[in-house]
Amino acid sequence: MLDKVDVLIIGSGASGAAAAWSLADTKMRILCLEQGDWMQQSDYPSNGRDWEARQFGDYATRPNIRARPTDYPINDDASPIKVVNFNGVGGSTIMYTGHYPRMHPSDFKVRSLDGVAADWPVDYATLEPFFAENDRMMGVSGLAGDPAYPPKTAPMPPLPLGKSGARFGRAMNDLGWHWWPSDTTLATTEYDGRAPCINLGHCTPACTQGAKASTDITYWPHAIRAGVELRTRCRVREITTGADGMASGVIYYDADGKEQFQPAEIVILACNGIGTPRLLLNSASARFPNGLANSSGLVGKNLMFHPYAQIYGYVDEPVDSNRAPPLCLWSQEFYETDPNRDFVRGYTFQFGRGVGLVTEAVSSAAAGRLPWGADHHAAFRQLANRRIGLSAICEDLPEDHNRVTLDPVLKDSHGIPAPKVEYTIGANTQRMMAHSIARAHEILAAAGARNIAVESPILNGGWHLLGTARMGRDPAASVVNEWGRCHDVKNLFIIDGSIWVTSGGVNPTSTIQALALYIADAIKQRLATLFD
Amino acid sequence: MQTQFLTLDEARDLRCLAGMMIPPSAELGMPGADDPAITADMQASIGRDLEDVRTALAELVALAGGPFADLPPARQDILAARWRAVERPALATLRRVILQCYYRDDRVVRALGREARPPFPKGNVLEQGDWSLLDPVRARPKMWRDVAGG
């Protein structure tokens with residue numbers, strides 16, 4: 001048996017890294033177990049001429065395609081949206097795009113304001129200082145003054161508008177609709193040891209420049225210097241409990257495949273909306289026959305994805321294409337509920353810049369825009385470097401039939417049952433997506449685009465994994481309380497996207513990390529009475 | 001035991017298909033996708049796509065009743081059109097293998113006005129754009145909803 005630690009964090013991604021750093025100042029013995037490896041920037045795709053091809057292989061966003069030894073399989077056959085994640089130090093921040101909006105104040109009050117789902121047990125004002133602290137730690141670029149948000153500032157200036165952003169800005173002004181340069185985690189100046197963005201244009205499959213804030217280069221260096229231990233290639237099989245009903249530690253497989261028991265006083269789950277319910281369900285025991293912390297029956301239920309509608313077209317002159325970060329602008333013109341629409345809640349438009357030559361060719365060939373034969377070259381010249389597009393990030397409401405369970409057959413390389421995802425897009429969200437597609441057509445037309453194409457939902461668009469261990473004050477209607485502690489197991493905490501009550505209509509990483517810092521702070525404030 | 005690379009017959013059929021997909025253009029200074037350097041790249045980098053490419057080529061050979069590359073061009077056109085009429089994963093992979101090698105070839109990339117290099121370390125220059133475009137947005141009243149208690 002290994003030496004007991006005070007705090008054991010499972011997962012080193014967005015939330016696990018933030019909590020590890022925050023808790024380090026307690027001087028407790030903190031250990032993080034990560035099933036993946038440390039990443040090497042010299043191995044990232046944009047170092048080589050095959051940089052685009054690798055997004056279809058070892059840097060695919062879908063673990064089922066990527067299939068690294070550090071990945072685990074996910075049965076998402078029963079979902080129109082496929083799960084996207086990454087397993088390594090930094091978790092999915094290695095392979096996110098760095099679009100970094102916060103939730104809105106109204107997102108925490110959806111029952112009170114709009115009569116749907118449930119209010120959160122925390123609010124924007126409570127989280128605001130943690131948003132700010134997280135912005136400083138991750139290093140956010142952005143522009144103050146956005147009328148869509150309460151006042152906030154970013155430590156770095158925004159990304160340039162470029163040709164694509166200016167074109168979209170003019171179009172949105174013509175329509176009279178809101179737009180603003182996106183908050184991003186791409187450094188635009190030197191920041192905390194990170195080099196500024198040099199427009200490699202290939203942000204999602206990991207940033208070779210180190211300008212994109214993944215937690216392996218933001219929180220973790222600070223946390224490790226403060227004494228936190230990070231152990232890689234450690235895949236947790238189950239959380240164990242003692243006769244007192246408290247978590248006693250975890251059983252994991254180390255880098256050599258050897259089973260280990262790691263005892264701990266406090267266990268913190270940071271595996272996000274698929275990995276966390278999987279682990280809780282795999283931790284069923286005689287005392288917890290339906291899975292750990294699952295007396296409510298809600299572990300794995302209410303999975304929310306943010307169905308994305310992607311709309312793009314082609315303009316008559318070259319634009320930024322892949323020679324700039326795909327991030328550009330956002331619009332929250334249609335974010336807040338409007339009773340004149342046929343849906344409640346809303347969505348964010350995320351504007352992009354374009355794609356590289358290979359990506360253009362592959363996607364256009366699949367869509368039938370790129371012919372075989374003599375006409376191929378002329379057709380490609382009308383497409384290459386001329387794409388502009390946007391995506392609608394649509395709020396997904398919690399529905400308990402959208403869920404994560406354990407697959408009865410599929411297992412990972414250690415024989416641990418794999419997660420199974422069953423998901424359908426709700427009626428409210430479908431109406432929202434239709435609205436967003438219609439508005440996007442208007443935007444693209446105003447921006448001078450033709451040959452408009454739609455992918456809705458984006459098949460490989462399950463980036464945001466939310467809601468499968470929701471927070472709340474009522475133990476019968478939630479898995480964790482208002483500060484992240486499991487109702488059923490008082491030394492077990494959950495800090496990732498699974499605790500979300502509703503999804504908002506924004507990329508979630510900023511809010512996930514603010515919540516993780518808030519929960520870590522709650523733990524620190526309550527150390528003497530933490531298990532009461 | 002399955003080999004790591006395509007067989008000679010498979011490679012000939014893939015090269016033939018590549019040339020049908022993207023023929024050379026002397027006018028534009030573009031090689032065809034059946035150019036030896038490009039098809040050599042396909043062979044060398046096929047990796048995890050080998051199985052899908054083999055599947056797709058086998059379907060084509062079954063339609064042709066033998067090596068596709070040996071057929072007269074008119075017959076190849078008819079069979080290739082039939083073979084690619086129904087979209088499927090193996091076909092998509094084969095098509096991608098051709099396109100990703102073609103559109104990273106130095107001659108092709110340069111002919112399309114791009115530098116033949118990886119993104120790192122040189123990067124690119126992104127113009128700032130006209131920030132005064134934001135003025136009408138800055139002038140808007142606040143859009144977020146106030147909520148009781150924060």
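Find the residue count for the range A:349-378, including only residues that are in a helix (DSSP H, G or I) and either of a type in the set (S, T, N, Q) or touching a Gly at 6+ places or on another chain (Cβ under 9 Å) (or both).
4
For the range A:307-355, which positions are of a type in the set (F, W, Y), away from chain B (no Cβ under 11 Å) and closer than 30 Å to B:V147 by Cα?
A:Y308, A:W330, A:F343, A:Y347, A:F349, A:F351 - these are the residues of the range A:307-355 that are of a type in the set (F, W, Y), away from chain B (no Cβ under 11 Å) and closer than 30 Å to B:V147 by Cα.
Scan A:S436, A:S510, A:S478 and give me the residue that is within 30 Å of A:D316 (Cα to Cα), among the hydroxyl-bearing types (S, T, Y) and either assigned to a helix (DSSP H, G or I) or touching a strand residue (DSSP E or B) at 6+ places or on another chain (Cβ under 9 Å) (or both).
A:S436
Restricting to the range A:169-211, and then to whatever is among the polar types (S, T, N, Q) and not in a loop (DSSP other than H, G, I, E, B), can you tell me which residue is surrounded by the fewest Cβ atoms within 10 Å (Cβ to Cβ)?
Result: A:N173.
Taking the condition at pLDDT 95 or above and touching a helix residue (DSSP H, G or I) at 6+ places or on another chain (Cβ under 6 Å), does A:A195 pass?
No.
So A:G257 fits all but one of (1) in contact with a strand residue (DSSP E or B) (Cβ under 7 Å, 6 or more places away or on another chain); (2) in a loop (DSSP other than H, G, I, E, B); (3) on the phi > 0 side of the Ramachandran plot; what number is the exception?
(1)
State all residues of the range A:3-22 that are surrounded by fewer than 24 Cβ atoms within 10 Å (Cβ to Cβ) and out of contact with any Leu (no Cβ under 9 Å at 6 or more places or on another chain); if no residue qualifies, say none.
Passing the criteria: A:D3, A:K4.
Answer yes or no: is there a residue in the range A:471-490 that is crowded, with 23+ Cβ neighbours inside 10 Å and either at pLDDT below 95 or of a type in the set (D, E) (or both).
no
Scan the range A:130-147 for residues that are under 16 Å from A:C328 (Cβ atoms) and not in a strand (DSSP E or B) and jot them down.
Passing the criteria: A:V140, A:G142, A:L143, A:D146.
Kindly provide the set of residues from the range A:444-455 that are buried (at least 22 other Cβ atoms within 10 Å of the Cβ) and assigned to a loop (DSSP other than H, G, I, E, B), ordered by number.
Selection gives A:A447, A:A449.
Pick from A:T468, A:T502: which is under 15 Å from A:C271 (Cβ atoms), assigned to a loop (DSSP other than H, G, I, E, B), modelled with pLDDT of 95 or more and of a type in the set (V, I, T)?
Unique residue meeting the criteria: A:T468.
If I filter the range A:118-150 down to residues being over 28 Å from A:I217 (Cβ atoms) and of a type in the set (D, E, K, R), which single residue comes out as farthest from the other protein chains (Cβ to nearest Cβ)?
It comes out as A:D119.
Keeping to the range A:212-237, report how many residues are farther than 12 Å from A:V89 by Cα and not in a loop (DSSP other than H, G, I, E, B).
Count: 9.
Exactly one condition in (1) away from chain B (no Cβ under 13 Å); (2) in contact with a strand residue (DSSP E or B) (Cβ under 6 Å, 6 or more places away or on another chain) is false for A:P80; which is it?
All conditions pass for A:P80, except number (2).
Each row is one residue, and each column tells you yes or no for (1) free of Cβ contacts under 8 Å to residues at least 24 places away in the same chain; (2) within 28 Å of the chain's Cα centre (by Cα); (3) crowded, with 21+ Cβ neighbours inside 10 Å.
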site: A:G352; (1), (2), (3): no, yes, yes
site: A:L357; (1), (2), (3): no, yes, yes
site: A:A366; (1), (2), (3): yes, yes, no
site: A:R369; (1), (2), (3): no, no, no
site: A:D375; (1), (2), (3): yes, no, no
site: A:A378; (1), (2), (3): yes, no, no
site: A:Q382; (1), (2), (3): no, no, no
site: A:R387; (1), (2), (3): no, yes, yes
site: A:A392; (1), (2), (3): no, yes, yes
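With the structure loaded, tell me whether A:L298 is under 30 Å from B:V137 (Cβ atoms), more than 14 Å from every other protein chain (Cβ to nearest Cβ) and in a loop (DSSP other than H, G, I, E, B) or whether it fails that test.
no
Taking only the range B:21-43 into account, find how many residues are of a type in the set (G, A, S), in contact with a helix residue (DSSP H, G or I) (Cβ under 8 Å, 6 or more places away or on another chain) and outside any loop (DSSP other than H, G, I, E, B).
Of the residues in that region, 1 qualify.
In this structure, is A:A67 among the small types (G, A, S), crowded, with 20+ Cβ neighbours inside 10 Å and within 21 Å of the chain's Cα centre (by Cα)?
no
For A:P151, all conditions in the list (1) out of contact with any strand residue (DSSP E or B) (no Cβ under 7 Å at 6 or more places or on another chain); (2) farther than 20 Å from A:Y124 by Cα hold save one; what is the number of the exception?
So the condition that A:P151 fails would be (2).
How many residues does the range A:25-49 contain that are buried (at least 20 other Cβ atoms within 10 Å of the Cβ) and either within 20 Å of A:A213 (Cα to Cα) or within 14 Å of chain B (Cβ to nearest Cβ) (or both)?
Residues flagged as buried (at least 20 other Cβ atoms within 10 Å of the Cβ) and either within 20 Å of A:A213 (Cα to Cα) or within 14 Å of chain B (Cβ to nearest Cβ) (or both) within the range A:25-49 amount to 6.
What residue, among those in the range A:57-92 that are in contact (Cβ under 8 Å) with a residue 60 or more places away in the chain and outside any loop (DSSP other than H, G, I, E, B), is farthest from A:I274 (Cα to Cα)?
For the range A:57-92, the residue satisfying everything is A:A78.
Condition first: over 24 Å from A:L515 (Cβ atoms), more than 24 Å from the chain's Cα centre (by Cα) and surrounded by 22 or more Cβ atoms within 10 Å (Cβ to Cβ). Can you find one or more residues in the range A:256-267 that meet it?
Yes; the residues of the range A:256-267 include at least one that is over 24 Å from A:L515 (Cβ atoms), more than 24 Å from the chain's Cα centre (by Cα) and surrounded by 22 or more Cβ atoms within 10 Å (Cβ to Cβ).
The values are calculated or read from the model by the stated rules, or taken from the named source; none is laboratory data. Since we're looking at a predicted model, the values are computed, not measured. Cβ sites come from the backbone with ideal geometry, for glycine too, and all protein chains shown count toward neighbours.
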